[in-house]
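Everything below concerns the one structure shown next.
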Amino acid sequence: MRQTELPLHRPHVLIARAVFPEAIARLSEHFEVEPNPDDAEWSAVELSRRLGGKIGLLATSGERIDAALLAAHPHLRAVCLMTVGYNNVDVPACTARGVLATNAPGVLTETTADLGFALMMATARRMAEAERFLRSGQWTKWRYDLLTGSDVHGATLGILGMGRIGQAIARRGALGFGMKVIYHNRSRLGAADEAPIGARYVDKATLLRESDHLVLVLPYSASSHHAIAAAELAMMKPTATLTNVARGGIVDDAALAVALRERRIAAAGLDVFENEPTPNPALLELPNVVLLPHIGSATEATRRAMVGCAVDNLVAALTGGTPPTPINPEVLRGPRWANRA
Ligand code: 8YV
């Protein structure tokens, strides 16, 4: 389309963080786009200021989309996240105002499961600790009990939160490593999903007691806040490991640091934390925890797919199409979205 053919009043959209240039280019085919090429971390006030006059927002899980922000921007129609988790969005407030919210499920499942499994293995086999040992010149001889960890193959893999990513981690454990899979979830899987991986549904207490390697993959919400705290850690085996690739806040990090220090569990692998990007300092002091800076979905292909999904949703929402992954699809049947062209 030549410049002269552009409609005079193209809708304005905001991109909250730096993204791949192709995403900005695709949005620019349809909208006036304000990007954030410097990846500046905007305060809530700055985000609100920049949202003025915009009808669409492409965001991550780092921006708080709450009732106050929505109230300040009554013309906003769509908030499209490039992440699967959406605990940063007040979905009922969006729905009440007829604002469509979308996320990016599916595209990051296998990549995040790879990282979750790798982190669980690194934790069980003390890989980060072993690397620090070597780099610091402490490796002077072989010894029968040098950096001995616990087996992954044949062990009992516990999954708390058996959604897409939980099932993908369970598949890796059962089919690749001969692990026994037990899980707890809000709802039990159907037999067709349980059978191929031999997954056994158990209550949360049994999961805590029987897991050799417990992996957390549940969404964060008020009801999952501190789902793993001192009482839960006390129920685990002293030889067990705990891996969290879900969200900070599901684990009480202070209580975990105490349990690790006192060897009430063997080790932990954490990709997510309370108060990111500043983990509880007590964790940084401990040898038996592997710490990663929230890289579960961080492969180039997957990050491109995630932002691509958000772009697909935003373009569809604002040009009369069908957004592929809405969180609150009911708003599209409401009065605000009637007769959209
Ligand atoms: C993101 C994630 O990297 O999709 C999610 O929910 O946790 C990650 O894939 C992170 O949320 C970026 O804000």
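The values are calculated or read from the model by the stated rules, or taken from the named source; none is laboratory data. If you're wondering where the values come from, they're calculated on a predicted model, not measured in any experiment. Heads up, the Cβs are rebuilt from the backbone with ideal geometry, glycines too, and the neighbour counts pull from every protein chain shown. Surface accessibility is based on the protein's heavy atoms, side chains included, excluding ligands, DNA and RNA. Shrake-Rupley method; radii C 1.70, N 1.55, O 1.52, S 1.80 Å.
Here are some notes:
- The charge dipole of the chain, taken about its Cα centre with unit charges on the Cβ atoms of Lys, Arg (+1), Asp and Glu (-1) only, comes to about 460 debye.
- Rounded to the nearest 10 square angstrom, Arg49 shows an accessible area of 150 square angstrom against a 1.4 Å probe.
- Each of Trp139, Trp42 has its accessible area taken with a 1.4 Å probe; listed largest first, they run Trp139, Trp42.
- Among Thr140, Ala231, Ala130 the positive-end extreme of the charge dipole of the stretch 109-291 (Cβ point charges): Thr140
- Counting only heavy atoms of the protein chains and using a 1.4 Å probe, Thr148 has close to 80 Å² of accessible surface.
- Residues Ala44 and Val202, FRET efficiency given R0 of 35 Å [Cβ-Cβ distance, rounded to 0.05]: 0.25
- Expected 222 nm ellipticity per residue - DSSP helices of 4 or more, -39500 (n - 2.57), all of the chain, to 500: -9000 deg cm²/dmol
- Proximal lysines to Lys204, defined as alpha-carbon separation beneath 20 angstrom and excluding residues fewer than eight positions away on the same chain: Lys180, Lys237
- DSSP-defined beta bridges in the stretch 20-133 - what % are antiparallel, rounded to 5: 0
- Virtual spin-label span in nm between Trp337 and Asn275, 7 Å along Cα→Cβ: 3.9
- Put Ile265, Ile327 in order of accessible area, highest first, and with a 1.4 Å probe you get Ile327, Ile265.
- Positive-pole candidate from Ser211, Ala44, Val245, dipole of the chain, charges at beta carbon: Ser211
- Rg/Rh (Cα only; Kirkwood hydrodynamic radius) as it applies to the stretch 80-232: 1.06
- The distance separating the Cα centre of the stretch 125-183 from that of the stretch 76-97 comes to 36 Å.
- Accessible surface of Val79, taken over heavy atoms with a 1.4 Å probe and every protein chain present, rounds to 0 Å².
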